[in-house]
Amino acid sequence: MNDPNLTPQTETPPSLLRCVTGAVISGGLSFAVYSLMIAIATNFATKPIHSDNVLTLRISSAVRTLVVGVFALGSGIFGIVAIGLLALAIQSIIQQLTKPKSN
């Protein structure tokens, strides 16, 4: 578990550029996944299932719900990450402004 040959890694504070770049990328991915989710949901809505078998209708409804739900979850996660990275950028700006200047 504790290997003495490993060098300890020092944490570097997040830079403003990295935070904003990550937020833009994550926000773009969130929008792309959301757009894809809307397209899939619209496609599912316009093409109803034609079957007399109740089990087939229930399974296909569950699969459609799961597919749309997975894309909604992905969109939400990327959106939350983008908001978090923007909040981290704002926090680092505030910390830089309030940090006392040393000579």
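Let's see how each residue does on (1) of a type in the set (Lys, Arg); (2) part of a helix (DSSP H, G or I); (3) under 18 Å from Leu29 (Cα atoms):
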{"position": "Asp52", "(1), (2), (3)": "no, no, no"}
{"position": "Val63", "(1), (2), (3)": "no, yes, no"}
{"position": "Val68", "(1), (2), (3)": "no, yes, yes"}
{"position": "Phe71", "(1), (2), (3)": "no, yes, yes"}
{"position": "Ser75", "(1), (2), (3)": "no, yes, yes"}
{"position": "Gly79", "(1), (2), (3)": "no, yes, yes"}
{"position": "Ala82", "(1), (2), (3)": "no, yes, yes"}
{"position": "Leu88", "(1), (2), (3)": "no, yes, no"}
{"position": "Gln95", "(1), (2), (3)": "no, yes, no"}
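The number of residues in segment 11-31 being closer than 14 Å to Val70 by Cα and not polar (S, T, N, Q) comes to 0. Among residues of segment 1-30 being in a helix (DSSP H, G or I) and touching a Ser or Thr at 6+ places or on another chain (Cβ under 8 Å), the one that is modelled with the highest pLDDT is Ser30. If the condition is being under 23 Å from Gly74 (Cβ atoms) and in contact (Cβ under 8 Å) with a residue 12 or more places away in the chain, then segment 37-63 contributes Met37, Ile40, Ala41, Phe44, Ser61. For Val67, state whether it is among the β-branched types (Val, Ile, Thr), in contact with a Ser or Thr (Cβ under 7 Å, 6 or more places away or on another chain), touching a residue at least 24 places away in the same chain (Cβ under 8 Å) and surrounded by 11 or more Cβ atoms within 10 Å (Cβ to Cβ). No, not satisfied.
The values are calculated or read from the model by the stated rules, or taken from the named source; none is laboratory data. For clarity, every value in this text was computed on a predicted model and none was experimentally measured. No Cβ is skipped: glycine too gets one built from the backbone with ideal geometry, and neighbour counts run over all protein chains shown.
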